[in-house]
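Student: Please read through the structure below; I'll follow up with questions.
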Amino acid sequence: MISLTLDGRAIQVQPGTNVLQAALSNGIHIPHLCHHPDLRPSGGCRLCMVEIGGRPNPAAACGLLAEEGMAVTTQSERLTEMRREIIDLFVSDHPLRCVTCDKNGVCALQRYAYDYGISETSFDFELSRTLYQDDNPMFVRDHQYCILCGRCTRVCDEIVGANAIEISGRGFVSHVATPFDWAMSDSTCVFCGNCVQVCPVAALMPRGRIGMGREWELEHVRTICGYCGVGCGIDYAAKDGKILYAQGFPEAVVNGEFLCVKGRFGWDFVGNPERLTRPLVRRDLAHRLGLIDDPFSLPEESVFTSRIGVENFVPVDWETAVDIVAGQLLGTVEAHGPDAVAGLTSARCTNEDNYLFQKLMRVGIGTNNIDHCARL
Ligand code: SF4
Ligand code: SF4
Ligand code: SF4
Ligand code: FES
């Protein structure tokens, strides 16, 4: 372990820990914008400057490895002035529309502008980036909000490996771009939305979230993604019972903050009016079993519409459905033997469900005909 002091407080950290991470994990907040704990440090924003005992100039804490005996100062008049000037520079090229901004309340730039009392810039104010790119169904890119922290490009390179975006140009024309500013769908983007997740401001926003509610009005529900067996942790943000967006969260042991396209954007089936919510029995079978008198009359309930040919099905309760399935399975086994039956289970079930299902097939029915849709 390495021993050092932070603002006079003795701490110990693992070798290879940078000073910013050492401070954050010990409850000392050093302002930072370009740093993300899962990404390599870039040192771009300079907001995390700290003073080191015995060194004349401050250094960026995110790019500085903790050393034995190091004495770090995270708060001083000089540092406060430096940070105020840096925030002032960010604000000089950023539309301060916090009152209507969807990131209001969770925006890192807003937080630091508040902390350091920067309500307006002291520099000439002219937005250098005005591009608004609405070129895909998943998220929009509003470059006027971008602070060029580079988190999105690094996550796309280091975590996703897609390398779909880079910071293009120099100086005031710099902006996050696909090659030749192609539409996202023409790039190597896989639409995982991990760039959206790590963006500290409102430059990258999930489409379904825009204009749908302020952050403090949203309810957050954590669950496990049902799409595949990896079992990523997902945080759904919902308002009035409707999901607005999905995100990862640092405490999710499998995936941390990162998700694939299905987990992040493939949740709209949840509120789809055509979603099946009750078991359905084929109309001819329902008639044979005496559940309906007239095999040709249309059901009164019309929620199950054209997609599944509802006129061919009758909604029943779960108990009836389970009885029918059990009766049909037993009848088939008696007539043709257990290997006339096969079971297909789902990645949407839990491990425990799948375990029980294979037990049912192997021990209950007596067949090894069992398979699984490995991915949807
Ligand atoms: S991105 Fe942040 S600082 Fe910018 S307008 Fe939105 S809340 Fe305000
Ligand atoms: S959605 Fe994923 S692949 Fe596409 S640019 Fe963002 S991080 Fe890269
Ligand atoms: S889009 Fe967001 S994450 Fe990417 S550089 Fe701009 S502010 Fe940073
Ligand atoms: S967080 Fe260290 S330079 Fe940006």
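Student: Within the set of pairs 6 or more residues apart or between chains, which connect a residue that is of a type in the set (S, T, N, Q) inside region 102-113 to a residue that is assigned to a helix (DSSP H, G or I) and open to solvent by less than 30 Å² (accessible area, probe 1.4 Å) with Cβ atoms less than 9 Å apart?
Tutor: Qualifying pairs under 9 Å: 104/215.
Student: Could you look through region 176-187, keep only residues that are open to solvent by less than 20 Å² (accessible area, probe 1.4 Å) and either of a type in the set (A, V, I, L, M) or in the same structural domain as residue 259 (by TED's automatic domain parsing) (or both), and pick out the one that is nearest to the chain's Cα centre (by Cα)?
Tutor: 184
Student: I'm trying to understand the selection: among the residues of region 108-131, which are within 21 Å of residue 213 (Cα to Cα) and out of contact with any Phe, Trp or Tyr (no Cβ under 9 Å at 6 or more places or on another chain)?
Tutor: 108, 110, 111 - these are the residues of region 108-131 that are within 21 Å of residue 213 (Cα to Cα) and out of contact with any Phe, Trp or Tyr (no Cβ under 9 Å at 6 or more places or on another chain).
Student: Moving to a separate point now. When both residues are 6+ apart or on different chains and their Cβ atoms are under 6 Å apart, which pairs have a first residue that lies in region 156-177 and is over 16 Å from residue 199 (Cα atoms), and a second that is within 16 Å of ligand 4 (Cβ to nearest atom)?
Tutor: Pairs found: 174/148; 174/167.
Student: Next question. What number of residues in region 127-157 are within 16 Å of ligand 4 (Cβ to nearest atom) and of a type outside the set (Ser, Thr, Tyr)? Please lay out each step first, then the result.
Tutor: Start the filter on region 127-157 by keeping residues that are within 16 Å of ligand 4 (Cβ to nearest atom), which leaves 146-155.
Next cut, of a type outside the set (Ser, Thr, Tyr) only: 146-152, 154-155.
Of the residues in that region, 9 qualify.
Student: For region 216-237, enumerate the residues that are farther than 20 Å from residue 347 by Cα and surrounded by fewer than 17 Cβ atoms within 10 Å (Cβ to Cβ).
Tutor: 216, 217, 219, 220, 221
Student: Same structure again: Considering each residue of region 136-164, count those that are more than 8 Å from ligand 3 (Cβ to nearest atom) and in contact with a strand residue (DSSP E or B) (Cβ under 8 Å, 6 or more places away or on another chain), and give that number.
Tutor: Number of matching residues: 5.
Student: Quick check on this structure: which one of 190, 173 is at pLDDT below 95, of a type in the set (A, V, I, L, M) and open to solvent by 70 Å² or more (accessible area, probe 1.4 Å)?
Tutor: Working: 190 fails: at pLDDT below 95.
Selected residue: 173, the only one of 190, 173 that is at pLDDT below 95, of a type in the set (A, V, I, L, M) and open to solvent by 70 Å² or more (accessible area, probe 1.4 Å).
The values are calculated or read from the model by the stated rules, or taken from the named source; none is laboratory data. Small disclaimer: the values here were computed from a predicted structure and weren't measured. Cβ sites come from the backbone with ideal geometry, for glycine too, and all protein chains shown count toward neighbours. For accessibility, only protein heavy atoms count, side chains too; no ligands or nucleic acids. Shrake-Rupley method; radii C 1.70, N 1.55, O 1.52, S 1.80 Å.
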